Amino acid sequence: MAGKGKAAARTLEDLTLDSGYGGAADSFRSSSVSLCCSDTHPSFPHGGNCWHLTESMHSRHNSLDTVNTVLAEDTEILECSGQCAKLPELEEVPWSVAEVEGALRKDDEAVRSAGVPRDIVAKLSALLSRALVRIAREAQRLSLRYAKCTKREVQSAIKVVLSWTISANCVAAALGALSLYNMSTGDRFSRGKSARCGLVFSVGKFFRWMVDSRVALRIHEHAAIYLSACMETLFREVFGRVQRSALVEKENGVPKLTVESLEQAINNDSELWGLLQPYQHLICGKNASGVLSLPDSLNEHRDQQRGGKNAEGHVFTQAELRTIEQSLLATRVGSIAELSDLVSRAMHHLQPLHIKSPSNDTPVHQNCGGPIHWEPEALYTLCYFMHCPQIEWENPNVEPSKVALHTERPFIVLPPLMEWIRVAVAHTEHRLSISVDSDDVRQAARLLLPGVDCEPRQLKADDCFCATRKLDAASTEAKFLQDLGFRMLNCGRTDLVKQAVNLLGPDGINSMSEQGMTPLMYACVRGDEAMVQMLLDAGADINSEVPSSIHRHPSVYPDTRQGTPLTFAVLHGHVPVVQLLVDAQANVEGALQDGAENYSETPLQLASAAGNFELVSLLLERGADPLIGTTYRNGITSAPLGDMNSYSLAAAHGHRNVFRRLLSQSEKDKGDMMSLEEILAEGSEAVKEKRTSHSEGTLRTGKAKLRALREAMYHSAEHGHVDITIDIRSLGVPWTLHTWLESLKTCFLQQRRPLIQGLLKDFSCIQEDEYTEELITHGLPLMFQILRASKNEVISQQLAVIFTQCYGPFPIPKLTEIKKKQTSRLDPHFLNNKEMSDVTFLVEGKPFYAHKVLLFTASARFKSLLSNRPAAENTCIEISHVKYNIFQLVMQYLYCGGTESLHIRNTEVMELLSAAKFFQLEALQRHCEIICSKNITIETCVDIYKHAKFLGATELSTFIEGYFLKNMVLLIELENFKQLLYEIPAESPGPGPSYDVLQDVEQTLATRIHSIHLSSSKGSVV
């Protein structure tokens, strides 16, 4: 047995990444038979096999015995979990119930047909709001380093908070949404951000929520796309797991969900339960019962290795795999040597893991900078949190301490080792390093343990310093000397500058760290005015740039490339330092060169996004250009001045005062450029004459400003900053249908009646060729909702004008006769002729003679009437509710074989329509409807419409709805029409179905708009 143990230990020792931390063989020998995992043990969905102890729970001799172990005395301590700090409860979430339902229906045919109960949607929304808070809190902390939240911060927050499997799916979905967004630049102002991303959740709402929640001073629009795509995917992921859970009952193969079954399924899922708990700390790797289990992705990797499918050719035995899994699930250790061995085993198992996205089979979690290793200080820090004194005291000759000076953390709050590794490595990858340091572990402890806190990581020179063992001695020495030089400069002593410069290397005072930053940049980040002045006096380059290449500087943060010292001073809002730099002739546009494309945000863009009025004013006074935008490096967007200029950033973040300050600066230069009105009217003779006095450059600047303001209007409307949108509109910038609809929706939600009236009045400015599908899917429901909710006469009148305009000048589609041949026909001579008649109708007490041979094939109603009568020579059938003269017209239609010979008076047409409907004579009914349609007037349309709805005459009802829309400006003033619109929908007392007038009118208008403006046969009238 011992021999086998040694052999196995040597095998696993060879597998470790670095055995320099020692203790591998000894720790393995002490953990030989404490656990077992067999196929007979129950399996848990989304968590693999659970682990069960084979010996006493009290005999914990090593870290592997801490897997899934709860001491009896721990139960009292577990009661304190109710005292743990709770997450803040969100009063408002950036999604609606309808959006959640739409997201769940998006890819699920069963949900699309059956729907989701509202209580399930409400419960999911409440639970996943906690996941949103967790991701936003982590993104907020990560954003402090560079004072802005980009897609990298959100992606890293997703990896920190969510399990390997779920985070991989969310990141893949976010990447797909962003790709669609970047490719939709052709119609970017005519479609919403969510539509461009292929999302159901509103990107604009998420952006606004991130700004209002102060996730960061600056929110990049890609961050909002990532977060909204992540949450939408998370809703589907959770709902899908619940549906697949064995705890959910199925009815005819369709899951039958209740709130109770939803909670039970989540409680049994180790990847979801802790995520959706209300506590601030994140419970990972265990379900509600405290059972530890591996996530799906690790189980798949384990199964591949068992089957010999490992890419590197390693095939692990069952015992070796079980030991690796035990290492991943260990919660406590007795010594640093043991922890070193466990981390080595775990990292060797996790390092080659590339989780495949189920959608495109692309690796998501992988580190491009090479294998990640742990610094010794990180292991000591992790050992502090995982250390267990009970395991440490193994010497039977030494008594343990009789006085406990501190309380040991209960098992229930201790995460398994794999979660420590997951969170710490996510922090390491975020700062583009290849070594986990002690601060990464402290950040993990803050998240994973209750009552633990630490400050967010700061931007420092030694942030990514790593003396990796792959470097030779000379390179390592140079790194240490450079690090010492940076430290000496940071201490603020002017007498050490010369010595520090000598240590920094050939570039001297302008040497760059692995982050591509110079000492002057770090001083600007800290806002140390004296240090900045000292470095400038020592010859520091005031316009040095963060390099774009990662070959010499592997930890360059992507969003800081081409950043200058002025950029970093503005990022962190240090006004005195900015003043000092611009006084020293720093380039006010950062790294931007005249005529070159701008791939990084200028200082003015950063100040505008942060809403720093003082910095914006300072930079504008020094000549900063608010029209400069940022061109993305992916090459998909290629606008002449890029995207998100200073106007757009101020508008997107809702900084109205900053936006007005930017405008006021351009007003000073108004004499140097054409007005927006002149640009919009370009082409007229007067303007052509005026253009002769302007240079081509001036015209180009004026057009650039119009383009910039259109973009700003788009972002402000998307994010709900309607005041800024109205300000831009007042400058003469034209509406697009999308910005108008978004502004109207925001005003309606905020109940701002004066703005609603102004927006409705402005609808006529939108060209008909700009009508898109959005007008039908979003615009009409919104406007009819406003009409239903608002009893304001001015708003009703304005909506009537809009509906009439949308209906168009074309005539209402006419009703057409139904040409239907009767199968049998008699000579009109036999009409009401007693001779040879075989059926008699009693109408108003008067007999009317007819013939079965004709009536039996006339309609299903007559056939039913005649079939239920006894076979006699002459059958008598009483007809009620029909007048004699009306019945005579019906019979005349049948005996004459058509409507040509009918002479119908206007007073008889409605009763004849009722009779035709009753006797199911479609051609006669249509003929009556056509007569009614010709007799419709402002005074009679409401009564005819009610009668048509009562009878269920669909074609006539649709025609009258068209009449309503075409004449709504006049009708909206009439009391009977307003009563018809606003009455509560009720069951129809007649044969027709129940109806909602406003809903039916909306559907008629939608059909009309689609046929005229959106169909392939554009302009046709249906």
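The values are calculated or read from the model by the stated rules, or taken from the named source; none is laboratory data. Computed from a predicted structure; not experimentally measured. Here Cβ is always computed from backbone atoms with ideal geometry, including for glycine, and neighbour counts include all displayed protein chains.
Data overview
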quantity: Qualifying residue in the range 547-555 (condition: part of a loop (DSSP other than H, G, I, E, B), of a type in the set (Gly, Ala, Ser), more than 17 Å from residue 459 (Cα to Cα) and outside the structural domain of residue 371 (by TED's automatic domain parsing)); calculated: yes
quantity: Residue match in the range 937-947 (condition: more than 28 Å from residue 977 (Cα to Cα) and either touching a Phe, Trp or Tyr at 6+ places or on another chain (Cβ under 9 Å) or of a type outside the set (S, T, N, Q) (or both)); calculated: no
quantity: Tally of residues being surrounded by 23 or more Cβ atoms within 10 Å (Cβ to Cβ) and in contact with a Pro (Cβ under 8 Å, 6 or more places away or on another chain) across the range 699-725; calculated: 1
quantity: Check on residue 166, under 23 Å from residue 646 (Cβ atoms), of a type in the set (Val, Ile, Thr) and touching a residue at least 24 places away in the same chain (Cβ under 8 Å); calculated: no
quantity: Residue list for the range 556-584, filter: in a loop (DSSP other than H, G, I, E, B) and at pLDDT below 90; calculated: 556, 557, 561, 562, 563
quantity: Odd one out for residue 892 among (1) at pLDDT 85 or above; (2) in a loop (DSSP other than H, G, I, E, B); (3) not hydrophobic (A, V, I, L, M, F, W, C); calculated: (2)
quantity: Unique match (being at pLDDT below 95, within 16 Å of residue 1009 (Cα to Cα) and in contact with a Cys (Cβ under 8 Å, 6 or more places away or on another chain)) among 737, 775; calculated: 775
quantity: Verdict on residue 794 being in a helix (DSSP H, G or I), exposed (fewer than 15 other Cβ atoms within 10 Å of the Cβ) and among the hydrophobic types (A, V, I, L, M, F, W, C); calculated: yes
quantity: Considering residues of the range 618-632 that are within 16 Å of residue 581 (Cβ to Cβ) and not aliphatic (A, V, I, L, M) only, the residue surrounded by the most Cβ atoms within 10 Å (Cβ to Cβ); calculated: 622
quantity: Test: residue in the range 264-274 that is more than 23 Å from residue 136 (Cβ to Cβ), hydrophobic (A, V, I, L, M, F, W, C) and at pLDDT 85 or above; calculated: yes
quantity: The range 726-772 - residue that is in contact (Cβ under 8 Å) with a residue 60 or more places away in the chain and crowded, with 19+ Cβ neighbours inside 10 Å and, of those, farthest from residue 794 (Cα to Cα); calculated: 772
quantity: Residue check, residue 119 outside any helix (DSSP H, G or I) and either of a type in the set (D, E, K, R) or free of Cβ contacts under 8 Å to residues at least 12 places away in the same chain (or both); calculated: no
quantity: Residue identified as modelled with pLDDT under 95, β-branched (Val, Ile, Thr) and surrounded by 22 or more Cβ atoms within 10 Å (Cβ to Cβ) among 150, 185, 165; calculated: 150
quantity: Pick from the range 181-240, criterion assigned to a helix (DSSP H, G or I) and without any contact (Cβ under 8 Å) to a residue 40 or more places away in the chain, ranking: farthest from residue 141 (Cα to Cα); calculated: 196
quantity: Residue among 923, 948 that is more than 30 Å from residue 972 (Cβ to Cβ), outside any loop (DSSP other than H, G, I, E, B) and modelled with pLDDT of 85 or more; calculated: 923
quantity: Boolean, residue 969 is surrounded by 19 or more Cβ atoms within 10 Å (Cβ to Cβ), at pLDDT 90 or above and under 18 Å from residue 941 (Cβ atoms); calculated: no
quantity: Qualifying residue in the range 803-815 (condition: surrounded by 13 or more Cβ atoms within 10 Å (Cβ to Cβ), touching a residue at least 12 places away in the same chain (Cβ under 8 Å), among the aliphatic types (A, V, I, L, M) and farther than 20 Å from residue 192 by Cβ); calculated: yes
quantity: Output for the range 128-181, where each listed residue is under 19 Å from residue 271 (Cβ atoms) and of a type in the set (Ser, Thr, Tyr); calculated: 129, 156, 163, 165, 167
quantity: Of residues in the range 506-531 being of a type in the set (A, V, I, L, M) and over 42 Å from the mean Cα position of the chain (by Cα), the one farthest from residue 481 (Cα to Cα); calculated: 530
